[in-house]
1. Which of the peptides 425-432, 512-519 is most tightly packed, and how do the rest follow, judged by the mean count of other Cβ atoms within 10 Å per residue?
2. Order these peptides, 452-458, 475-481, by their mean beta-carbon neighbour count within 10 angstrom, highest first.
3. Any idea what the dipole of the stretch 252-553 comes to, in debye rounded to 20, about its Cα centre with Lys/Arg Cβ at +1 and Asp/Glu Cβ at -1?
4. Which whole-number percentage describes the relative contact order of the stretch 244-380, with Cα contacts under 8 Å and a sequence gap of 6 or more?
5. Report the residues of the stretch 394-412 in range of a label on N370: point 7 Å along Cα→C-beta, backbone N strictly under 12 Å from it.
6. When only C-alpha pairs under 8 Å and at least 6 residues apart count, what is the relative contact order of the stretch 252-553, in percent?
7. Expressed in nm to one decimal, what extension gain is obtained for the pair S310 and T265 from 0.36 nm per residue of sequence separation less their Cα-Cα distance?
8. Could you give the size of the charge dipole of the stretch 356-498 about its Cα centre, using +1 on the Cβ of each K and R and -1 on the Cβ of each D and E, expressed in debye and rounded to the nearest 20?
Amino acid sequence: MVTHRKSSNRINPDRLQNVIQLSIHSVKNRTSHNQPLRQSLPEHKSKTISARHWYDTSKSTHSDMQARKISKRHSQHRKRRHRSHGDHVLQQMNNDKPGIDTQVVEFHDFSSPVHTAGPKAESPQPVTSHSGKLAETSLVPQDKTSTKILRQLRPLLPRLQARVRRQLPHLLPRRQARVLHQQHHRLLRLQALVLHQPLRRSQRLQVVVQHQTLHRLLRLQALVQHQLRQRLHRLQPVVSTSFPITWNSTAETIAGIAAGTAGVTANELYYPYGMALDSANSLYVADYHNNRIQKWLSGATNGTTIAGQSSGVAGASSSALTMPVAIVLDSANNMYFTDRGNHRVMYWTNGASSGTTIAGTTGVSGSANNQFYMPSDLTRIASTNTLYIADTFNNRIMRYLSGASSGTVVAGGNGAGNANTQLNLPFSFAFDSSSNSFIIANYNAHSVVRWVLGASSWTLIAGVVGSAGSTSTSFNAPLSVVLDSMNNMFIADTNNDRIQFFLAGQSNGTTIAGITGLPGTAHTQLNVPYWAIIDNQYNLYVADTFNDRVQKFHYY
């Protein structure tokens, strides 16, 4: 008679699982994978053994240790993948028709401290269904205690059967499980190789997030670039064909006498030529026949002599000039200018009373690389302090590196002519940094041409080479050229008494100042204008040379 504690009536599922495993491995015709487990079962003299005794003696058996290792090593993911295979194994086992082995387990209370089979215990007889399958009542108890245990066991059977099904795939088809296990880890290693990260989930998620963020940024960058391209494409017609040509046709006289009177006093000019503006919009004027450079403050009625003699006397000294032409200012308002009558280029420090010859030989004309013959325009590249100088009557453009005493021919130099390798009195030019080229006013060829730096010939931009005209596509002695920030051109079409405006890339110009072929002193007229410049507000300043004044055409 076995006594039971009330608190111990519940069945331990882990122990019952071992009992069911023992019954399963008692089936005849086992697979070779289960043979080591059968051989490792403890031998007992009696055919009926205590389940508790079997559990205690089989804890450290080789088969139990293998089962535990396999169960621990495989994840829940792989168990789910093999569950269907476990169901197939159970079905195959139920279809086996040989009878049950003679070794049968007797059910006892597992919660009792110690229990062994009594001497009068009878072995139960195995029961099979009509189809030969193992029925749920295959083990029929012969005493009251076993009957009570069976009643407690029956509600647990479905859960225990499911648990066995989950473990059977790892106990029976071990090779298949091993192959799948290797494939799974290969997949994980491949994933780690792709992500360049260890297989920890947090790090993988971090890498995935970074990867997604990077792709979002790349997509955003591509979208922004696409929108910018579309916006630039929309702006392109505005820049090239729709620039608003809205200058006031009536000018304001800002230097000289409005009536067109020449003179040498502080408020007069005599053949104004090249001009420049500083950051305060003060106007610097080359007073050509007065042999001086005058500075007119914005709104002033008189000018101040800042280079040469205020009396207008010509000279060849460091403080005297002879027919100055073009002026360039640096950021400190120091001046670089051509002293045409002295065949030289001078540097004049801001506020100084004398200058320094930096190119050419004072008073000596020539065609050597260290000489000029009546130089006119010049351009300075601020980043390298390189000077480009129009050596007009030598029909060439010269380059002087910083500190050099001799120059290099970069355009022309093949004599005067209309061929595309020649220049014909190039009085003025502008440097186009976007194409690394010069835009040259080819005065005697009545054209404006482009000469790429390093090339041996020019290409025509506007005008008819060698033929003067007064139409919108022709010139009559174009003398100066200036570019704005959008590469639109402003041309002083001297003998047509007008200023022509050309949109970038266009060869058809528009008259924005003066009246074509009609010189005069009215505020809407010009008389042989030599020079034109613009300020940062697109206001137009014109040297109305034969009227001895500077006119300002306001942009609105």
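The values are calculated or read from the model by the stated rules, or taken from the named source; none is laboratory data. Owing to the predicted nature of the structure, the values given are computational and were not obtained by experimental measurement. Every residue, glycine as well, gets a Cβ built from its backbone with ideal geometry; the counts of neighbours run over all protein chains shown. We work out accessible area using only protein heavy atoms, side chains counted, and drop any ligands, DNA or RNA first. Shrake-Rupley method; radii C 1.70, N 1.55, O 1.52, S 1.80 Å.
1. In decreasing order of mean packing, 425-432, 512-519 become 425-432, 512-519.
2. So the peptides 452-458, 475-481, ranked by packing, come out 475-481, 452-458.
3. Roughly 420 debye for the stretch 252-553.
4. Averaging sequence separation for qualifying contacts and normalising by length gives 15 percent for the stretch 244-380.
5. Answer for the stretch 394-412: 404-407.
6. RCO, the stretch 252-553: 13 percent.
7. Fully extending the segment from S310 to T265 adds 15.4 nm.
8. The dipole magnitude comes to about 220 debye.
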